[in-house]
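Just below is one structure, and these are the notes that go with it.
Just so it is clear, none of the values below were taken in a lab; they were calculated from the coordinates. Note that the structure is predicted; figures quoted are calculated from it, not measured. Cβ: placed from backbone, ideal geometry, glycine included. Neighbour counts: every protein chain shown.
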Amino acid sequence: MSVIEVADLAVFAGPTRLLGPVSFQIEAGRTLVVMGETGAGKSLIAQAIMGTLPPSLTATGTIAINGRRVDNLPGAERAKLWGRDLTALPQEPWLSLDPLMASWKQVAEAHRHVAGLDAKAAKAVTGRDLTALGLAPREPRLPGALSGGMAQRVAFAAATAGRAPILLADEPTKGLDQQRHARVVGLLAKVPKDGGTLIAITHDASVAEVLGGDLIVLRHGDVVETGKTAEVLQAPKAPYTKALMAADPRNWPVQSMHRTGAAILTARNLAISRAGSKLIGGFNLTVHAGDRMAITGPSGIGKTTLLDTLAGLIAPFEGTVERSAGMGEHSVQKLYQDPPAAFPPLIPIGTNLRDVARQHKVDWDQALQYLPDLDLHQDLLNRRPDSVSGGELQRLSIVRALIVKPKVLADEPTSRLDPITQKTTLDLFARIGRETGIAVVLVTHDAHIAEKWAGKVHPLSLPISA
Amino acid sequence: MTDHAQPALLPGGGSRRWMPGPTRATGLALLGVLALCAIVGPDLVGQDPARQSLLDARQPPSEQHLLGTDHLGRDMAARLLSGAQLSLSLAALSVLTAGIPGTLLGIAAAWFGGWTDRVLGSFADAILALPGLLLVLMLAAISPGSWWALYAGISLTLWVEYFRYTRQRTRVVLAEPAIEASRMLGLTPSLIIRRHIAPEIGPGLLTVAAFGAATAVTAVAALGFVSVGVRPPTAEWGVMMTELLPYWREAPFLILQPVICLVITVLALHLSVGGMHKR
């Protein structure tokens, strides 16, 4: 008997179909991987199975769990299944954790009230779980003080505490560095081995590869390809699946080398701190015109802080960051990992760009010339940031930075961008570097990206004293 | 996420934000009618609100006196409209004189932080510690019956709400990465205020303003009613209530009139910002 049986599931927003129809069934001990880029409707599958679709959406079709139809049950009945029969590892750990409760207590609470352990046992099991995930057994910090990867692991520990046999993991590796990434994927892969059932939603082909099982590839809510994960990944048939595979950093071509110019930004003996304690010390770096540079390291090591220090947003804790002659106040521009957060949300994008052009006395027509170059239509300028896609907004933010005529672009792309957008954006940076001599400094926790994309790689590791 | 792909997920998107719902439409219509009455009404009625005629006291509505006459034979319609003029203009003025400094100081407190924030915040807290009406009463007591004392007192009480709201929202906006981005791009403080802060606090300020105006209207009437605000013979709703209270048994329709006017005005102000959904 199938543990989960979904037939003709479709999700609508009013008359607009966002997903489906999708049908699948999974047996105990099996895995289903759902792949697709952001906005493809992947998360809607998880929400429909859990019964947590937003009220503005409607679902049709049937969903049965352990042979019992659940899609027509009232909300309270479905909520009884949570934690015991099925559990979800949410996409944004910060949003799913209580912001005002010590992290370990949130895990202990699940052990206590969902799994039914007594306080002492719950505390012990929590300590064991958190240690196994590489966290302190009594992690006292609030979720807001944790890095994305740490918060994700706390959420994982809390979600699995109830020992539910079905686990829905929605983008479980989002924002995790490679080490943690492998660890969380390993934990997920254990679920079916222990007799559980796993539904993993991801845009990362490497995750799908490890998890195996069956695969559904979604695009704009439509199923474009199904099959055994290993087979589909080996020989994708649909053009979209092929594009998705090509966007996997491991499959990227190595970017060609090019000549670089004079030194424009020099960091000497730089140290950075967080909350008063030194994170990285004795860091030396010289950026030349046209450089394509990657700074890599595990999450939580202070890559973003380092980037902000190089960009002049944060004063160095120790050491200096020097700009060469000819570098102005605005010669270093930063691109944000979450493009919607980098624009004034309530005004048209064009107004923002026009302000920047006017401020720097750049002719508006000249500013507009960047648009077709980055495959952007001028109509987008009349929209607000919440009504353009993430990829378009990322390119618009590049246009905005180019208006200022920078010498260095600092960027922190993350796995938050879907892989195709990420590849396009980084290809674009390489091109900008070649054509304009602008240096691009990238921080990333993805060694594959650094290796394939960058001309120079600066690996960061934890100081020995820590 | 394009416009057409997920319309239902963006209920606050685009121009629909400013489409008034039924609640707001009702409030705005009521407010419009009230303002129109206050502006052109006195001319239409054509009666002097202060002209007494003791022989015509407490008359029921007639052709000559649309809403009857009060205990001194003065025309009720003329007096109510004159009261509306006074209440609404005072409310509008207090919105300006409380709103503008309150908003600017709120932005200043959030922007500069530190001592500026502490000094302004303490001052606002000190005013908040006093019941609003008490402050107005104190000022009214210094200069009894003066319209200016009343107005100054109300403004002095109401600016705090603008200040606190603006300061709090501005702090949130200033903490966003978008501000850092704008600063890196070299945008001036004036542009940051206009593009980031103003659109964010605008809708909320409208709500604060409408509620503040309602508070002002109520305060004027309340002070008139307890005889410390506007003095007779000025036609003011609170004063009229006091004057007509002794006759409520013989002529209940008289005292009801200023009461209904006050209720409708406050209701209109509250409804006019009702159901405004924020992004």
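Summary of computed values
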| quantity | calculated |
| --- | --- |
| Residue A:264 long-range amide H proximity, modeled H, under 5 Å | A:287, A:288, A:289 |
| Cross-link pairs A:228/A:452; A:80/A:228; A:42/A:452; A:278/A:303; A:303/A:452 - those with Cα-Cα distance over 21 Å | A:228/A:452; A:80/A:228; A:42/A:452 |
| Gain on full stretching of the segment that runs from residue B:115 to residue B:253 - 0.36 nm per residue minus C-alpha separation | 44.1 nm |
| Order of A:193, A:407 - criterion: other Cβ atoms within 10 Å of each residue's Cβ, fewest first | A:193, A:407 |
| Potential extension, residue A:322-residue A:250 segment - 0.36 nm per residue separation minus Cα distance | 22.4 nm |
| Residues A:204, A:71 arranged by fewest to most Cβ contacts within 10 Å | A:71, A:204 |
| Vicinal HN-Hα couplings computed from phi for region B:243-253 (Karplus, 6.51 cos²θ - 1.76 cosθ + 1.60; Hz; Gly/Pro x) | 5, 8, 4, x, 9, 5, 6, 6, 9, x, 5 |
| ³J(HN,Hα), Karplus 6.51/-1.76/1.60, whole Hz, each residue of region A:5-12, x for Gly, Pro | 10, 10, 10, 6, 6, 9, 10, 10 |
| Cut-off 19 Å (backbone N to label point 7 Å along Cα→Cβ of residue A:405), residues of region A:329-358 | A:329-334, A:353-358 |
| Dipole moment magnitude, nearest 20 debye, region A:1-124 about Cα centre, only Lys, Arg, Asp, Glu C-beta charged | 280 |
| Amide H within-cut-off set for residue A:34, under 5 Å, with H built and near neighbours excluded | A:200, A:201, A:202, A:216 |
| Euclidean distance between Cα centres, region A:135-209 to region A:215-286, Å | 20 |
| Sites residue A:138 and residue B:183 - FRET efficiency at Förster radius 51 Å, r taken between beta-carbons, to 0.05 | 0.80 |
| Test item: Cα-centred dipole of region B:147-278, Lys/Arg +1 and Asp/Glu -1 on Cβ, debye | 460 |
| Residue-wise HN-Hα coupling along region A:80-85, computed from phi with Karplus coefficients 6.51, -1.76, 1.60 (Hz; x: Gly, Pro) | 5, 6, 5, x, 9, 9 |
| Computed lengthening from residue A:113 to residue A:373, 0.36 nm per intervening residue step minus Cα-Cα distance | 87.9 nm |
| R0 of 45 Å, Cβ-Cβ distance residue A:315-residue A:28: FRET efficiency to nearest 0.05 | 0.20 |
| Spatial extent of the protein assembly as shown: Rg and Dmax, with the Cα atoms as the point set, Å | 32.7, 104 |
| Backbone N under 17 Å from the residue A:190 label point (7 Å along Cα→Cβ), restricted to region A:108-147 | A:108, A:111, A:124-137 |
| Cβ-Cβ FRET estimate between residue B:264 and residue A:238, R0 fixed at 51 Å, reported to 0.05 | 0.20 |
| Neighbour-count order for B:220, A:125, fewest beta carbons within 10 angstrom listed first | A:125, B:220 |
| Mean ellipticity per residue at 222 nm, deg cm²/dmol - from DSSP H runs of n ≥ 4 across chain A, formula -39500 (n - 2.57) | -10000 deg cm²/dmol |
| Top positive-direction residue, dipole computed over region A:1-125 with Cβ charges, set A:51, A:82, A:16 | A:82 |
| Inter-label distance, nm, simple model (7 Å from Cα along the C-beta direction), residue A:163/residue A:2 | 2.8 |
| Whole-Å distance, taken between Cα centres, linking region B:183-231 and region A:6-35 | 49 |
| Region A:304-382: GluC sites (Glu not before Pro) falling in loop per DSSP and having at most 16 other Cβ within 10 Å | A:329 |
| Net charge dipole size for the protein assembly as shown [Lys, Arg +1 and Asp, Glu -1 on Cβ; Debye, nearest 20] | 1440 |
| Top of B:249, B:118, B:79 by mean-square fluctuation, Gaussian network on chain B, Cα under 10 Å | B:249 |
